[in-house]
Amino acid sequence: MLYSYTALIYLQAFDLLRPELLVERLRELGVTNTLIRVIYSFLTDRSYCVDIEGSISTLKNLPIRCVQGSVLGPILFSIYLGDLKNIIPEAFVLSYADDSYVAIGYNPDNIQNTLRTLESIC
């Protein structure tokens, strides 16, 4: 059987993190509700303003979910996609922080299901 491999690379992966799915994963791992609330708060309803020599801009919503450069960000993202190999067992997964490479052997019977699975978690 011939295989064709599809590589999916997550760009701006921290922006794609869905807090509600991360909460599910944290609950599965046995994380306490108190810590889950703190993490959820860290990931949602962020805003910012700019201060230049005392002149402060208006407050703006921050559209990203997980702040890059934070210590917690890569840990949360690793938890978020940590079980990707279990979700898509036929895939070869290589991940580091927010960079993931997924190779899937092409099988016409299951490629659409695999892509839908990836889409539902990202």
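Ordering of 26-39, 74-87 by packing is 74-87, 26-39, highest average first (other Cβ atoms within 10 Å, averaged per residue).
Taking each residue as 0.36 nm, the span from Thr58 to Ser120 lengthens on full extension beyond its C-alpha to C-alpha distance by 18.8 nm.
The numbers here are math on the coordinates, done by the rules we state, and not lab data. For clarity, every value in this text was computed on a predicted model and none was experimentally measured. Positions of Cβ are generated from backbone atoms using ideal geometry, with glycine treated the same way; all protein chains shown enter the neighbour counts.
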